[in-house]
1. I'd like to know if segment 192-208 contains one or more residues that are of a type outside the set (Asp, Glu), part of a loop (DSSP other than H, G, I, E, B) and closer than 30 Å to Gln57 by Cβ.
2. Would you point out the residue of segment 167-183, among those that are out of contact with any helix residue (DSSP H, G or I) (no Cβ under 9 Å at 6 or more places or on another chain) and part of a loop (DSSP other than H, G, I, E, B), that is nearest to Ala134 (Cα to Cα)?
3. Which residue, of Ser222, Ser248, is over 12 Å from Arg169 (Cβ atoms) and free of Cβ contacts under 8 Å to residues at least 40 places away in the same chain?
4. Check Phe163 against each of (1) of a type in the set (A, V, I, L, M, F, W, C); (2) modelled with pLDDT of 95 or more; (3) surrounded by fewer than 23 Cβ atoms within 10 Å (Cβ to Cβ); (4) under 19 Å from Tyr230 (Cα atoms) and name the one condition it does not meet.
5. Before we move on, is Ala206 in contact with a helix residue (DSSP H, G or I) (Cβ under 8 Å, 6 or more places away or on another chain), small (Gly, Ala, Ser) and surrounded by fewer than 17 Cβ atoms within 10 Å (Cβ to Cβ)?
6. May I ask you to say which residue of Val142, Val148 is within 11 Å of the chain's Cα centre (by Cα), buried (at least 24 other Cβ atoms within 10 Å of the Cβ) and farther than 13 Å from Thr241 by Cα?
Amino acid sequence: MRVVVQGGGRRGRRAGLAGVLWGAAELAVTVGVVVLLLVVHQVWWTNRQALAAAHQQVRDLEREWALPSDPGSDPSTARVPAASPSVSASGAPVASASASAEPAPPAGAQAPPAQESAYGVLRIPRLGVVVPVAQGVDKRAVLDKGYVGHYPGTAQPGAEGNFALAGHRNTHGEPFRYINRLRAGDELIVDVRGQRYTYVVGKVLAETSERDTGVIAPVPRSTVGPEYGYGEPGAYITLTTCTPEYTSKYRLVVWGTMRR
């Protein structure tokens with residue numbers, strides 16, 4: 001006698017579909033875990049690593065500055081002074097931000113440092129930021145180390161012109177994450193060997209194009225919004241970072257002038 005079993009093919013198809021869905025769910029969970037781990041690594045772990053390395057670099061610089069410049073000198077004279085030095089305005093023309101040569105530093109200022117080397121410390125008291133300043137803005141060699149980078153061709157600390165800096169807003173130490181909170185009158189302190197320069201925040205440009213090179217010109221003024229910036233020569237500092245957070249679509253800019 002022949003027995004006919006009905007619905008077996010349908011149940012098989014259902015079982016096959018369930019297997020496919022189960023496999024897809026497992027794959028989605030696996031991918032999700034991998035993505036989560038990558039996010040944790042990028043946002044949390046790189047911050048810890050870069051921040052620790054940057055703080056160590058600050059300590060190394062300060063230890064180096066405390067050493068005597070020659071065997072017969074007093075170590076205390078090499079320390080960074082607490083007060084800002086008086087640097088007079090020269091009134092001489094300054095090179096454009098795109099020039100290949102560095103503007104001449106004032107008397108007593110340091111010579112241009114080696115490319116991608118840390119040579120100074122930026123302190124932002126309002127934000128509790130203490131971060132090394134390195135020459136150049138290469139992402140891997142400078143910014144991803146948790147340093148802030150000095151734009152080549154812009155002025156050195158204390159010099160006439162624009163001492164322009166870039167830093168990460170998110171990940172890799174994120175030294176410039178909260179510079180949007182800076183207000184007029186806040187101090188930006190730059191230490192180099194034997195010198196301290198204090199700048200005072202004057203203006204903030206909340207958003208501009210990444211191609212707005214005017215913001216780091218010797219006399220900084222936005223080419224996108226010319227109403228933002230300055231119109232006279234002076235000793236300026238510029239902080240630039242990406243905005244909005246976790247994107248690199250636009251640039252956030254903070255400007256300051258050196259306290260005389």
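The values are calculated or read from the model by the stated rules, or taken from the named source; none is laboratory data. Because the structure is a prediction, the values reported are computed rather than measured. Counting neighbours? That spans all protein chains shown, and the Cβs are built from the backbone with ideal geometry, glycine included.
1. Just the residues of segment 192-208 that are of a type outside the set (Asp, Glu), to begin with: 192-206, 208.
Remaining after also requiring part of a loop (DSSP other than H, G, I, E, B): 193-194.
Filter again for closer than 30 Å to Gln57 by Cβ, leaving 193-194.
Looking through segment 192-208, at least one residue is of a type outside the set (Asp, Glu), part of a loop (DSSP other than H, G, I, E, B) and closer than 30 Å to Gln57 by Cβ.
2. Step one: of segment 167-183, the residues out of contact with any helix residue (DSSP H, G or I) (no Cβ under 9 Å at 6 or more places or on another chain) are 176-183.
Restricting the remaining residues to those that are part of a loop (DSSP other than H, G, I, E, B) gives 176-178, 182-183.
Values: Phe176: 15, Arg177: 18, Tyr178: 20, Leu182: 22, Arg183: 25 Å.
Going through the qualifying residues, I end up with Phe176.
3. On the way: Ser248 fails: over 12 Å from Arg169 (Cβ atoms).
Unique residue meeting the criteria: Ser222.
4. (3)
5. Working: in contact with a helix residue (DSSP H, G or I) (Cβ under 8 Å, 6 or more places away or on another chain): yes; small (Gly, Ala, Ser): yes; surrounded by fewer than 17 Cβ atoms within 10 Å (Cβ to Cβ): yes.
So Ala206 passes the test.
6. On the way: Val148 fails: farther than 13 Å from Thr241 by Cα.
Being within 11 Å of the chain's Cα centre (by Cα), buried (at least 24 other Cβ atoms within 10 Å of the Cβ) and farther than 13 Å from Thr241 by Cα holds for just one of Val142, Val148, which is Val142.
Yes or no, residue by residue, for (1) buried (at least 16 other Cβ atoms within 10 Å of the Cβ); (2) modelled with pLDDT of 95 or more; (3) assigned to a strand (DSSP E or B):
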| position | (1), (2), (3) |
| --- | --- |
| Thr154 | yes, yes, no |
| Gly185 | no, yes, no |
| Tyr236 | yes, yes, yes |
| Thr240 | yes, yes, yes |
| Arg251 | yes, yes, yes |
